[in-house]
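Let me begin by presenting the structure, written as C-alpha cells, before commenting on it.
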Amino acid sequence: MNALNKLGKGIDWMTGAYCYLGMIVAFVMGLFLAFESIASKFGFSTVWIMWGCIQIMAILPFATTAYAMRQYQHVRVSFFEGLMPPRTAVYSQIFAWTVFFMFSIICTFYLFWFTWDTFKAGESAGQINVPMWPFLFSAAFGMLLLVFQTARSTLLLRLKFTPDLAGHKTFFGSPVFILGLYIAAIVLTVWYFTINPVIGVFLMLIAFLFTGIPVAAAIGGLTIVALFTFGGFPMLNSIGMNLYKTMEEFTWFAFPLFVIGGFMMQRGTAAGLFKVMNAWIGWIPGGVAVAVIWTGVLLGAMLGSVFATMALLIILGLGELDKAGYPRSITLPMLGSASILGYLIPPSITFVVLGGLTDNSIGALFMAGIGPGLTVATIFSIFMLFYGFTHPKLARYHSTWKEKFTTIPPNLVALSIPILIIGTISTGFLTPTEAAAVAMVYIWVVNLVRREMKFSIADFKWIFNEGANVIGFMSFIIIGALLSKLALMHYHVGDAIVSLVDAGGVSVHTLMLIVTFILFCTGCIGESLPIIIVMIPTIFPVLYSMGIHPWWICVYIVLMGAIGGLTPPVGGTVFVISGMTNTPVNQLFRWIVPWVLLFFVVIIILYIFQDLVTYIPIAMGFSQPPGFGG
C-alpha cells in the first residue's frame, strides 16, 4: 500500500510539474507576443514568436489535461447518478472513468505513433528549421500522464466503498443492471450508427453522455467509431496527427491568455468597480441592484469568465444588497443571472471557442456580443427598477457629486481594460490574440505596481492552478469537437440534416422553436459550455443554411448555454451560488425561474431585431460571412 501511495504522489507531482511548465511557457510567450504586438507597429517583427505561440497552443491542452483530471475537472453528465443508490452510483463513476481511461490510451498510442513517424521522416517545424518530433513528443507525454492520472483517480474511487455506504434494494438499482444497461445502450447505438450514420450519431452521442462518460471522451469516442467504421484501422492512424493539429492555430492562443488575465484580475484590480457604479446609479429605485448588474457588465468585459464574474459580484455586491433590505430570493438569482454577462461581453472566452469551432472572426463575435450583452443588462435593470418602485422601503445609496467623481480616479486602471481590449480589436490595431497578450501583461504589471499581486511563486501557482483547471478540461473538449467535425465530414451528416429540413418544408420559425427546445433540454442535463461545444457541429450548419446570420447563431447558442447554467437539475451556476452562500439548491432553482424567462424575452427581442447583434461588427468594418451583406 505504501508503494502505491508513493506511486500516486509521484504521478501527482509529475502531473503538477508538467502543468506548471506548460503554463509558464504560455505566460512567457504571452509576454513576448505583447512586446512584439506593439513593437511591430514600429517595424520590428520576428517569425519565431508567432510560431512559438502556435506550438505552445498545440501542446498546452496536453500539458494541462492530466492536471484537470487530478482535480476531477473533466465534466460529465452525472445527473442520473443522483437517482441511484450510493453504492451503484460509485460503480457508475468507475465505469465512466474507465471508459475515459481507455479513450486516453487510444489517443496516447496514436499520438506516439505519429511522433515516431515524424521522427523517422525528419520533418521540420514549419517556418523554423527545427525538428518537429520533440513538440509532438511533449504532447504525447502529456497524454501519457493523463493515462496514469486517470488510472490513479479511478482506483481512488474504491475508497468510497465504505461499510456504511448504502446499497441497492431492488435489482433495477443494482450495479449489474445499471452497468448492463450502459453497455447495451453503447453497443446498440454504435451498431445503429453503422446502419444509419445521420441518426446514429445523435443516438450514440446521447448514449455516451447519459452513461456518464466525460464529455471529451464521449465526443472523442464518437470520432473513433466514425473513423473506424468508415475506413478501419488505417483511418485511425489520422488520430495522432489531428489531435496535435486541431488547435495548432494562432487564433486559439487567445484562449489561455484571456484565462490567465482573468484570474489575474481577481487579485484585486476589479474590486472598486461596484463602488463606481453604486455611486452613480444607487440613488434610483432598485439602484443598488441595478449597480450590481452593470458591475457585471464591466466585470464581463475584463474577466471573460462567468464563474470569475459571479464570484466577484457576490463578494462585492451581496453584502450591500443585504444592507439595503433586498431579500435573497431576488438577489441571489439576480447575481447568478448577471454573471452570465461574462459569456457575452468581450473578451468572452466562449466567443473565442465558438470562433474557432465555426470559422468566424473572433473579433467580429466580440463586437456582436456587445449589443446582446447590453440588452440583457437593460432588461434586467428594467425588472429591478420595477421591483424598486413596488418596494419603496428598499434603501438607496445617495452620494454627492464630489463623492461620485472621486470614485473614478482609483478605478481608472480597471475601467480602461475593456477600452483597451475592445478598442484595439475594433480598430484593427491588434488581433484578438495580440489584444489578449497585451491585456494580460497590462493587468499583471498594474497588479505588481499596486501590490495586489506579488512576483512570487505562491501567486503564480494560484493563477496557474486555476487557469490549468479551465484550460485542461475545456481544450480537451474542443479538440474532441474539432475531431468529430473532421470524422463526420466523411458521412456528410450536416448536409443530410439540412436536406432533411428542406424536404420537410420546415419554416425558419418552427426550426428555431425545435432547436430552442433541444438546447433547453440538453442544457438541463449537462454543463452549459460543453453542451454548446457538442451541439455546434450539427446545429450551426442547419441554422446557417436556413439563412440565419452566423454571428446571431453564435450569440443565440451562448444565451441558450447560459440558460442551461441556470436550470435544474445540473445548472452549474446555481450550484456555485449555493456553495458560496450556503443556500439550499432547491430554493435557488425556484427563485431562478423569473430570470430564465427574462433570458427568453431577450432571445425573442434579438430574433426580432437582429441588428442588435450585427450592427456593431458591421459598423466596425468586419467582413460578413459568405452569403450575407452582399
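The values are calculated or read from the model by the stated rules, or taken from the named source; none is laboratory data. As the structure is a computational prediction, the values presented were derived from the model and not from experiment. With ideal geometry, Cβ positions are generated from the backbone for all residues, glycine too; neighbour counts draw on all protein chains shown. Just the protein is used for accessible areas: all its heavy atoms, side chains included, with ligands, DNA and RNA removed. Shrake-Rupley method; radii C 1.70, N 1.55, O 1.52, S 1.80 Å.
Details
- Compactness of the range 247-390 - radius of gyration and Dmax, Cα, Å: 15.8, 55
- Per residue Cα convex hull volume in Å³ - calculated over the chain: 179
- Among the listed pairs LYS160/LYS461; LYS323/LYS393; LYS41/LYS245; LYS275/LYS454; LYS275/LYS402, those whose Cα-Cα separation exceeds 23 Å are LYS160/LYS461; LYS41/LYS245; LYS275/LYS454.
- Note on the range 335-385: Cα-only Rg and Dmax are 12.1, 40 Å.
- Per residue, the accessible area of the chain comes to 41 Å², computed with a 1.4 Å probe over protein heavy atoms only.
- Solvent-free Debye scattering, log10 I(q)/I(0), computed from the Cα coordinates of the range 337-475 at q = 0.09, 0.21 Å⁻¹: -0.41, -1.33
- Distance between the range 196-241 and the range 348-406 - C-alpha centres, whole angstrom: 39
- To put it simply, the accessible area of the chain at a 1.4 Å probe is 71 percent carbon and sulfur.
- By the rule of a C-alpha distance below 15 Å, with chain neighbours fewer than 8 residues away ignored, the aspartates and glutamates paired with LYS485 are ASP359, ASP495.
- Descending Cα extents along the principal axes, the range 165-205, whole Å: 42, 13, 11
- Spatially, the range 600-630 and the range 92-151 are offset by 41 Å when compared through their Cα centroids.
- Magnitude of the charge dipole for the chain, about its Cα centre and with charges confined to Cβ atoms of Lys, Arg (+1) and Asp, Glu (-1), is about 1500 debye.
- Förster radius 35 Å - calculated FRET efficiency between VAL508 and LEU203, Cβ distance, rounded to 0.05: 0.85
- In the range 144-289, the convex hull through the Cα atoms has an average projected area of 17.6 nm², a quarter of its surface area.
- Estimated D of the range 82-122 in µm² per second, where Rh is the Kirkwood radius over Cα pairs and Stokes-Einstein applies at 4 °C, 1.567 mPa s: 104
- Computed over every Cα-Cα pair of the range 587-630 and binned at 10 Å starting from 0, the pair-distance distribution P(r) comes out as 23, 32, 24, 15, 6, 0 percent.
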